[in-house]
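The values are calculated or read from the model by the stated rules, or taken from the named source; none is laboratory data. For clarity, every value in this text was computed on a predicted model and none was experimentally measured. Cβ sites come from the backbone with ideal geometry, for glycine too, and all protein chains shown count toward neighbours.
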Amino acid sequence: MAPEKIVLRFSAETADKPIIYHLVKDYDLIINIVKASINPHKEGTMVLELSGEKYKEGISFLRKQGITVQPLTQEVVRNEERCTSCGACTVHCPTQALYMERPSMEVKFDGDNCIVCLMCLKVCPVQAMEVRI
């Protein structure tokens, strides 16, 4: 079973719960935490790759804990015709899905590493990064 990319959203009440522990221990799920952040108000977001035979049971557990679960349905794509390989996006990409290939100094994009944070859309001066839903 290929891992599913999901986004978890936590409230302050759920941020302190050991949910990853329970997903692994109780549901035997394989987890890759792609990105996690928590703000000063203890509200958080986590992007996971999740797989295992008890996937649905694990998702049900998360929802019962008051955690919002959404599939990562958006996809970022690079418009190669527009891209000038300026590299502005590469310094803002938290997962290095956008990187500068050397020695050609051409911007490359690895969509498998993209967590759809949309930082590249905000910083690209020629709007070469696009969202596909």
Is it the case that segment 44-65 has a residue that's surrounded by fewer than 16 Cβ atoms within 10 Å (Cβ to Cβ), more than 30 Å from Ser104 (Cα to Cα) and within 14 Å of the chain's Cα centre (by Cα)? yes
Per the list (1) touching a helix residue (DSSP H, G or I) at 6+ places or on another chain (Cβ under 9 Å); (2) outside the structural domain of Ile115 (by TED's automatic domain parsing); (3) part of a loop (DSSP other than H, G, I, E, B); (4) not hydroxyl-bearing (Ser, Thr, Tyr), residue check on Cys89 breaks on (2)
Only residues in segment 48-61 that are assigned by TED's automatic domain parsing to the domain that holds Tyr21 count as the first member; pair them with residues that are part of a helix (DSSP H, G or I), Cβ under 6 angstrom, at least 6 apart or cross-chain, and list the lot. Gly58/Leu23
Residue list for segment 17-38, filter: in a helix (DSSP H, G or I) and surrounded by 13 or more Cβ atoms within 10 Å (Cβ to Cβ): Ile19, Ile20, His22, Leu23, Val24
Could you go through segment 111-133 and let me know if any residue there is touching a helix residue (DSSP H, G or I) at 6+ places or on another chain (Cβ under 8 Å), at pLDDT 90 or above and either of a type in the set (Val, Ile, Thr) or not in a loop (DSSP other than H, G, I, E, B) (or both). yes
Just give me the residues in segment 39-70 being closer than 20 Å to Asp28 by Cα and not in a helix (DSSP H, G or I), in sequence order. Met46, Val47, Leu48, Glu49, Leu50, Ser51, Gly52, Glu53, Lys54, Gln65, Ile67, Val69
Residue set Val107, Val131, Val116; condition over 18 Å from Lys35 (Cα atoms), β-branched (Val, Ile, Thr) and within 20 Å of the chain's Cα centre (by Cα); output residue Val131
